[in-house]
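Could you have a look at this structure, given as structure tokens, before my questions?
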Amino acid sequence: MTYSMTAFARKEQSYDFGTLQIEIKSVNQRYLEPTFRLHETLRPVEMKLREALKQKVKRGKLEVTVRFHVATGEQALDIDEARLNAVTRVLDKIQARVDNTSAINPMELLQYPGVLIDAELDVEQVHAELISLFGEALDDFLAGRQREGAVLADAIKERLDGITEIVAGIRAEVPEWVATFRENLREKAQNLGVELDADRLEQEVVLLAQKADVAEELDRLDGHVKECRGILKQKGAIGRKLDFLMQEFNREANTLGSKSTKESITRHAVQLKVLIEQMREQVQNIE
């Protein structure tokens, strides 16, 4: 199963106590790097949300935003004494160090996150509903990653088909390539006025053919294609495996190009590198 590292999900639900809204978005990242933006009332459940995320997502830079809008009405309001004391202690330190500070405005203190609370708000219920809604948002997010991942996998498979076709084409040209060695040697010998006997000619052809032998590179390319198709069927995070395999593909294509003395095979090697680079770009987005 192939998952993309880029996706977006949004979930919103209204309750008697208010409205919860969750957004999850992600982009490429070598490791898992989640960032949470939560309403102060929801901070106590952040670790549970992180754990739920880590169980299902392995790579990517994620940004999770949770908005909480308390239902309007005639709710009884109260003050979080601990929060207010913490804020005032900080303000007292500032006033002790800075001269001519203005008087503290009580209304500004009430606006500080977490100071003013709804006395009738069942915080445990809010937290429970948030955890449930986050699970739904995470499922939507993963479904989006899977859809995008399927598109990436199809694009990679299309390039793998291209590589298989090119490798088969090169194999078909190898006999002609050896025949070209023989003809080139004859022409050079004639131009130099040197007469080569049949045995000597064949020895030289064999030596040149050995230096330019690409059978091993072609076999490895076929092996890499098979391995890549196998990885795409695996579960879990496969992006790093594919990234390493792209390096192996490149190594064989480079060697193939360096050994080539035939224009058409050099052209095939260039086409291989183009397809490998296109795959590598797709792989960067896979978890």
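Each reported figure results from applying straightforward, stated rules to the coordinates on display, with no laboratory input. Please read these numbers as outputs of a predicted model, since none were measured by experiment.
Quick check on my link table: of K58/K241; K58/K157; K25/K56; K54/K226, which ones sit more than 21 Å apart, alpha carbon to alpha carbon? Please report the intermediate quantities before stating the final value.
Working: K58/K241 14 Å; K58/K157 23 Å; K25/K56 14 Å; K54/K226 31 Å.
From K58/K241; K58/K157; K25/K56; K54/K226, over 21 Å: K58/K157; K54/K226.
To continue, here is another question. Test of understanding: what is the full-extension gain from M47 to A168, defined as 0.36 nm times their sequence separation minus their Cα-Cα distance? It would help to have the intermediate numbers written out before the result.
Details: separation 121, 0.36 × 121 = 43.56 nm, distance 5.38 nm.
Gain on stretching M47 to A168: 38.2 nm.
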